[in-house]
Every structure is written in C-alpha cells, then in structure tokens.
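Everything on this sheet refers to the single structure shown next.
The values are calculated or read from the model by the stated rules, or taken from the named source; none is laboratory data. Nothing here was measured: the structure is a model prediction, and the numbers come from that model. Positions of Cβ are generated from backbone atoms using ideal geometry, with glycine treated the same way; all protein chains shown enter the neighbour counts. These area figures cover heavy atoms from the full protein model, side chains too; ligands, DNA and RNA do not enter into them. Shrake-Rupley method; radii C 1.70, N 1.55, O 1.52, S 1.80 Å.
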Amino acid sequence: MTAVNLLLAVIICALAAYALLAGADFGAGVWDLLARGRHADRERRLIAHALGPVWEANHVWLIFVIVATFSGFPSAFGLIARGLELPLAFALAGIVLRGAAYVYRAYGEGAAGPESLWSRVFAVASSVTPFMLGVSGAALATGKVTADSGPLAPFSSAFTLVAGVFAVTVTAFLAAVYLCHDAGTDPGTEDLVPVFRRKALAAASVAGVVSLALLPLLYQDAPTVAHRFTERSIPFVVLAVVCGFGSIAVIWKRRYVLARATAATAVVAVLLGWAAAQYPDLAVGTATARDSAAGAANLHALLIAMGFGMAVILPAFFVLLKVFSGPEADAK
Amino acid sequence: MLGSTLTDARVQTGFSLAFHIVFAVFGVGLPWLLIVTEGRWLRTGDAVWLALTRKWSRVMAVLFAIGAVSGTVLSFEFGLLWPAFMARYGGVLGLPFTLEAFAFFAEAIFVGLYLYGWKRLSPRAHWLTLWPIAISGTLSTLFIVTANSWMNVPTGVKEVGGKVVSAEPLAPLTGPGALPESLHMLLAAIMCTGGVVAAVYAVGMLRGRRDAYHRRGFGVGLVAVLAAAPVQLVVGDLAARVVEKYQPAKLAAMEALPHTRDHAPLTLGGIYDPDTGKTRFGLEIPDGLSLLTGFRTDKTIRGLDILPAKEQPATPVVHLAFDTMVGAGMAILGLAALLAVVAVWRRRKGVRPLIPLSRPWLVAGALTGPAAMAAMLAGWEVTEAGRQPWIVYGRMTVREAATTSGGIGWSLAATVLVYLGLAAALVLILRRLATGAPPSLAAEAGGPGPEPQDPDEDARAAQDSETAELEGAAR
C-alpha cells in the first residue's frame, strides 16, 4: 500500500470514529430539540449527562481529520475549503455554538441567560452541524464543486440536500440507540428506556426511507461516483442493509448493547461504501488524492507521527469510555 | 480598507486568533495551578485548597471548551481564508499540526476524566489525570507556535516556480525560531493565567473578603506570574536575537530604526512617522540598541531602509506594540524583584505571610493580570504585523495567500457578532464564578460572609500546612 492510500485509510478511520462518537453527540442534540411532553426535562438531563465527559474528546476526531487532510493533501484542502465555504461556515458556526451553549448551560448557573435559552441554542446547533457536514461530503461526490463554483454550488442539487437530511437522521438513530443503553444503567432513568427505544426504531425507519430516496439521486447528480458505487460498494451496501434491519430487530428485542454494535456497523458500512466509490478522488473532477498529496518525506513523517500518536491516544480513549460507561454507583 | 477581501480576511483571522488566544492561555496555565492546589489538598486535607481546586476546575471546564471550539474555527479558517497558503505550505506544516492534534486529543480525554471523574476515580488518580492535561496543553502550545515560527523563519524547504519540491518534515520543529518563540508563548500563557488569577483574588480582598481562600488563591496566582517573569526576560531576549538575525526589518520596526547605522539608539515609546523616519514623543537612549544587540556601542544595526517602503512592516503599530509588551513585562519583573526583597526581609523578621497584603500591594498584584494579557496580545501583534507583507517570510505575501472569494465581509461580520456575543456571555459566567468562597467553606469557617480572620491564626495554619507538607515529602 502506498503512503497516499495509507493516509487515506487513516483519514477514513478517523472519519468513522467521528461519525460514531461525535455523530451520536450531535444526534443527542437533535433529540434535545425534539423532546416533548412530561419527560422532556429528564430526557434533556440524561442527554447532557451522557455527553459531559466525552463530547470534547469526540470532537477532536474532526480536528484530526482536518489536520490530516491539509497536511497530507494540501492543494486539495485549499480547493475543497473554497468550494465548500458556505456549508463549512455553517457547520463551524454550529460547532462553536453547540460547544459554547453546552458549557454555558452546564456551568453558567444562569449568569448569562436562562438555561432554556442555551438549551435551545445547543439543540439547534447540534441539528444544523450534521446536516451541513452531510451536504459537504455529498457535494465532493457531485463534481460540481470547484475553486470558483460559488458558495451556493454545494446546495444546488437534491442529492446533497437529501444527504444532509440523511446525516441528521443517522446521528439521531445512533444517539437513540446509545441512549437506550445509558438510560437503562441508572434506576433513576430506567423509565426513559422505552421512550428512546421508540425513538431509535423511528429514526432507523426514517433513515432507511431517506437512504432509499438518496440512491436514485446519487445516480442522477453524481454519475462518476455512482458508477464506481455499482462496481465496488455493493458488499458495503449489503452489510449496511443487514445491520440496519438487524438493528431494528435487536432493538425490538431490547438487546441494547448488541444494538450499539449493529448500529455502528451499519453506519461504518455506509461511510465505507461512499469512500470506496469516491476513491481516488477527493473532490470529483478537480482533485485526486495522488495529485494533491504532499511530498513523500512529509507523508512518511506524518504516518510515523500518527502511528506513535494513536498508540498513546487509543488506550487513553478506551479508558475514558470505560470509566464513564457504568453508573456512578460503581465508583470507588 | 475594510470591505476589501484581503483586509477582511486579515481582520477575521486576527480577531479569531485573539479570541482563541485570550481563552486558550488558561487551558494551558490552569492545569499547572490545579496540580499545586489539588496536590496541597491531598497532602493536607484542608478544605480551602479543595474549594480553590473545585472553583478553578469549573473555570477550566468553560474556558477549555471555548478554546477547543475557537481552535476548530482557526483550523478551518486556514483553508477558507488562506487557501493558496495552505495549498503550498500545508504539507510543510503537517507535522507540527498533526502532533498538536494528538496533544489536543490527550488534553480533551483527560479533561473529561478530570472534570467528571470526581466520584469515579480515587483522589490520587484524579489528581494524576491533571498531569497529562498540563503536559499536553504545554506541548500543544509548543507545537502550534513552531508552525508560526516557521512562517517567520522558513527553513528547510526547496521551491521551484512557486511549488514546494522538497521539504524537510522536521523543519518547523528544528528551525532557529522554534524553541525561543514557543517557550516565549508558553511562559506568557503561565504569566497570563497567574496574573489573572491573582487579580481576581486581589480584587476580592480589596473589597474586604480577606479570608484564607482569597489569600491562598492570590498567592498561588501571584507566585506563578512573578516567578515566570525573569525567565521570560531571558527567553524574550533570545527570541529577539533570532528576529535580529533572520528578520532584520522586523527588528527595525520594533525599535523604530529608519536607517542602517552603528551607535544605534534605543527608542522607548513614541509615535513613529513613516514619512519623516522620526519618532515623536519617544525617549531616546544613545547607543542603546547597538549595546543591547551586539554588547558594544559601534555595532551596526540594519534599519528599515534595507527594504523599499512598500515592503516594510507597519512600523508605528509594531513599535508601539513592542514597547507595550516590554513595558508591561518590565513592570511585572520590577514587582517580582521588589516582592522578592520584601519576602526575604519579612522571612528574616519572622513576619507572615511573606507576601504583604496591604492595599498598595494588592493593587499592584491585581494589575499583573491586565499587564500580562496586554503584553501577550501586544507580543502577537509584533510577531504578526512585523512579518508583513509576508505570510511566509520572504516566500509568499498575504496578498498572494488570501482567498479570492467574495462574501468574506459577511463571514467577518458573522464571526465578530457570534464571538462578541459568546464573549459577553462568558464574562457574565466568569463573574458569577468569581464571586467569593463557596458557601460551604464560609459556613465551615463559622461565618457566612467575608469575615476577616485573625491573621496570626492563619499564619499558624500556613506553617502547619508547610510542616505537614515537609513531613509528606519526608515520607
């Protein structure tokens, strides 16, 4: 495997980690936005509680993806940033407002406006961000994004817009599945399990329907990628479909730990299916991975640094997730 | 002018950087202070240390999050506002940025463990999680500033026709400016954190809250800012020597020196007039600059005239910013020297606490916070404005690097609006957090409010805790 392909693989893995970890954090914000009825406040508290220790570490996966892209494929990065400036600017605004609103609500003690205000900001920003990132990713497949295609180009096809909606439903689905398990670990929130179970089933169904709408649009608006999709991505599609239906089945059977695995696998399969069809283009028609790559010595240095870095970070990440996985009563 | 894409891009970058730096310095400095306060609490079990720790960890939680999201904005802005710069040099700067991403990973992971792990970790394990936070915060400062130092002194890169044909991966980390500049920023972060912490508690004491909680908070912050000051003088001098060697025009702008000459004077303050080359209202010390730079009065110093006028940096701004930084730094250093003498004298006389807490001293201590922040921001102004018109010194101008996209005005307006709103909310929250000792501590001390305690009693308590600490160390 060449250094270019290896770096692409690292970036895709990091993107998958971001989708599974931070994606669920954004999806939890979607459920915060949609929370209604007598449970609403307790749902929001459960969501805030689940996010607390992990959301910042989860967020770093995005920074890692950005840095790896501009370090490894500098000329493509400049071009992609220009072509996607509008959706990326909205995603950024969402990221900033989500993070700020979360800590202002958690630590503000009401000094800077009521908690409900920051709760709204948190929820809306959490919903906007995955939509914009979904639009951005899909726009790279269309071949309509160039350095001077104008700020509205990424929004100009049905495919990118539906892909944005798809990203939101997928994050909501992941969040609901994770929260089913989280709610069940504490007697105080056990009664919320059926609430999130219903939400998980609903989100899975909606995501399925949206993905059915997305496929024909892919063939219509992104022909190059669609062609490679037919050639290469069928195994991933099969995996995604099996795990998608499998998730519905195991959620139905109330096996929430298993549901986490099937849901995560389904999401990763979708991502890999897209990545396989996108290869070797970074932005279809304007930048391939090989042409935009940095010098070989720099790529090797990057990969070595990433190897050592991951050897330190992954165990630490595991400890973080482990420490906060059980209820607090387990504490020493 | 505002409204041109280039200016808007520069203003947006400068504004985003300033916003990020003002809050990110506390993410670097506070973990080191927390290691002290929580460590003291572990050894002594004294509730005051715990109260300080709890309070500062809440502040760190908010500021770390703001630093994290505003840092993300910057990483996007490189591409959004300076696409040509990233396209050409992104690969060269890849290694420091990647290392910084890992340092940030470690920081975020352990911040999560620290902030939410009070009940899930043993007290000792909880204290230990501060070390990776402090170390990785420090490392991320060092890595990120090496990228800036490479933009100032770009070494190790071969270019043909505006394309990088080969670049040493380690060049940004081993460049001549890397170590002095990054250490300079690290010390600045510690000084800003210490100074602002000292300022908060000094103001509290000036308002009559003279309890042990305020005294110790003041002491820890003040020691941090004052102890770093003399080291900063040495590191800053090393950084200036790198500038003199590799960016002579920047040094000339810093010192408002229009013409290359020997016996160069040192001009303190004043407004430089680019048309006449004279500095009005400045204080001129004959031979000063030659003496400082070359240790002899006839050393020749290169002036602004080594470059044509349109390639010179904006000297009036750079000179004033530089003198603001040096002036503020020297004032802090002066206070450090004075307090060191006073502390030695009080120790000999057996007077406690070693740091006097009468009004003038508290006012001076409170001023270290704004002084350190002003020095830090002014220092960045020197580095960045002094590099102009280059984005990568001698290789690429900011004009070549900037985006050609329209609509930057909107993005600038939105950035300023959102950031000002967030900053206003943040200030309100920090003000709420800064109001006095937690009620539990006040109740424990036997009074609800800012009751001044018997100073002798506190001195004894301080000695007791010192003894306990020595015993702890002996074990």
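Residue by residue through the range A:141-161, note down the ones that are at pLDDT 85 or above and of a type in the set (V, I, T).
Scanning the range A:141-161 gives A:T142, A:T160.
Any idea which residue in the range A:35-67 is farthest from A:A293 (Cα to Cα), counting only those that are in a helix (DSSP H, G or I), within 7 Å of chain B (Cβ to nearest Cβ) and β-branched (V, I, T)?
A:V60
With respect to B:W150, determine if the residue is on the phi < 0 side of the Ramachandran plot and surrounded by fewer than 20 Cβ atoms within 10 Å (Cβ to Cβ).
No.
In the range A:148-194, what residues are of a type in the set (D, E, K, R), more than 14 Å from every other protein chain (Cβ to nearest Cβ) and in contact with a Gly (Cβ under 9 Å, 6 or more places away or on another chain)?
A:E190
Six or more apart or on different chains, Cβ under 6 Å: which pairs go from a residue in the range B:87-107 that's at the interface with chain A (Cβ under 7 Å from one of its Cβ atoms) to one that's among the hydroxyl-bearing types (S, T, Y) and open to solvent by 20 Å² or more (accessible area, probe 1.4 Å)? Could you list them?
If the second residue must be among the hydroxyl-bearing types (S, T, Y) and open to solvent by 20 Å² or more (accessible area, probe 1.4 Å), the pairs left are B:A87/A:S75.
Being more than 19 Å from A:F64 (Cβ to Cβ), open to solvent by 10 Å² or more (accessible area, probe 1.4 Å) and in contact with a strand residue (DSSP E or B) (Cβ under 9 Å, 6 or more places away or on another chain) narrows it down to one of B:R88, B:R120, so name that one.
B:R88
Across the range B:298-319, which residue is surrounded by the fewest Cβ atoms within 10 Å (Cβ to Cβ) among those that are out of contact with any helix residue (DSSP H, G or I) (no Cβ under 8 Å at 6 or more places or on another chain) and either more than 20 Å from B:D287 (Cα to Cα) or of a type in the set (S, T, Y) (or both)?
B:K310
Does the range B:127-147 contain any residue that is at the interface with another protein chain (Cβ under 8 Å from one of its Cβ atoms), modelled with pLDDT under 90, in contact with a helix residue (DSSP H, G or I) (Cβ under 9 Å, 6 or more places away or on another chain) and open to solvent by 30 Å² or more (accessible area, probe 1.4 Å)?
no
Kindly provide the set of residues from the range A:264-302 that are at negative phi and not in a helix (DSSP H, G or I), ordered by number.
A:Y279, A:P280, A:D281, A:L282, A:A283, A:V284, A:T286, A:A287, A:T288, A:A293, A:A294, A:G295
Which residues, taken from the range A:68-122, are within 19 Å of B:Y419 (Cα to Cα), hydrophobic (A, V, I, L, M, F, W, C), in a helix (DSSP H, G or I) and open to solvent by less than 30 Å² (accessible area, probe 1.4 Å)?
Within the range A:68-122, A:L88, A:A91, A:L92, A:I95, A:V96, A:A100, A:A101, A:V103, A:W118, A:F122 meet the criteria.
Can you name the condition, by its number, that A:S71 falls short on among (1) closer than 20 Å to A:F26 by Cα; (2) at the interface with chain B (Cβ under 7 Å from one of its Cβ atoms)?
All conditions are met except number (1).
Please verify whether B:L420 is surrounded by 20 or more Cβ atoms within 10 Å (Cβ to Cβ) and aliphatic (A, V, I, L, M), treating the condition exactly as stated.
Considered against the rule, which asks whether it is surrounded by 20 or more Cβ atoms within 10 Å (Cβ to Cβ) and aliphatic (A, V, I, L, M), B:L420 comes out as no.
Which residue pairs have Cβ atoms closer than 6 Å, lie 6 or more positions apart in sequence or on different chains, and pair a first residue in the range B:263-277 that is open to solvent by 40 Å² or more (accessible area, probe 1.4 Å) with a second residue that is in a strand (DSSP E or B) and not hydroxyl-bearing (S, T, Y)?
B:L268/B:L283; B:I271/B:R280
Is the range B:225-245 home to any residue that is over 16 Å from the mean Cα position of the chain (by Cα), in contact (Cβ under 8 Å) with a residue 24 or more places away in the chain and outside any helix (DSSP H, G or I)?
Scanning the range B:225-245 turns up no residue that is over 16 Å from the mean Cα position of the chain (by Cα), in contact (Cβ under 8 Å) with a residue 24 or more places away in the chain and outside any helix (DSSP H, G or I).
Would you check if B:A47 is open to solvent by 10 Å² or more (accessible area, probe 1.4 Å) and in contact with a strand residue (DSSP E or B) (Cβ under 9 Å, 6 or more places away or on another chain)?
no
From the list B:T98, B:T53, which one is in a helix (DSSP H, G or I), more than 20 Å from A:I11 (Cα to Cα) and of a type in the set (S, T, Y)?
Of the residues listed, the single one that is in a helix (DSSP H, G or I), more than 20 Å from A:I11 (Cα to Cα) and of a type in the set (S, T, Y) is B:T53.
Residues of the range A:82-96 being at the interface with another protein chain (Cβ under 7 Å from one of its Cβ atoms) and free of Cβ contacts under 8 Å to residues at least 40 places away in the same chain, which ones?
A:A89, A:L92, A:A93, A:I95, A:V96
Out of the range B:231-257, which residues are within 15 Å of B:L186 (Cβ to Cβ) and surrounded by fewer than 18 Cβ atoms within 10 Å (Cβ to Cβ)?
B:V231, B:L233, B:V234, B:L238
Any residue at all in the range B:68-79 that is open to solvent by 10 Å² or more (accessible area, probe 1.4 Å), in a helix (DSSP H, G or I), over 30 Å from B:E168 (Cα atoms) and out of contact with any Gly (no Cβ under 9 Å at 6 or more places or on another chain)?
Checked against the condition, which is being open to solvent by 10 Å² or more (accessible area, probe 1.4 Å), in a helix (DSSP H, G or I), over 30 Å from B:E168 (Cα atoms) and out of contact with any Gly (no Cβ under 9 Å at 6 or more places or on another chain), the range B:68-79 yields no hits at all.
Which condition number does B:A61 fail, the rest of (1) more than 13 Å from chain A (Cβ to nearest Cβ); (2) small (G, A, S); (3) more than 16 Å from the chain's Cα centre (by Cα) being met?
(1)
So in the range B:384-399, with the set limited to residues that are among the charged types (D, E, K, R) and closer than 15 Å to B:N152 by Cβ, which one is surrounded by the fewest Cβ atoms within 10 Å (Cβ to Cβ)?
Selected residue: B:R395.
Quick check on A:V257: is it farther than 16 Å from A:V170 by Cβ, crowded, with 19+ Cβ neighbours inside 10 Å and touching a residue at least 60 places away in the same chain (Cβ under 8 Å)?
no
Determine whether B:V220 is of a type outside the set (F, W, Y), within 30 Å of B:P31 (Cβ to Cβ) and loosely packed, with under 14 Cβ neighbours inside 10 Å.
no
Only residues that are more than 11 Å from chain A (Cβ to nearest Cβ) and loosely packed, with under 13 Cβ neighbours inside 10 Å: list them for the range B:400-417, please.
B:A413
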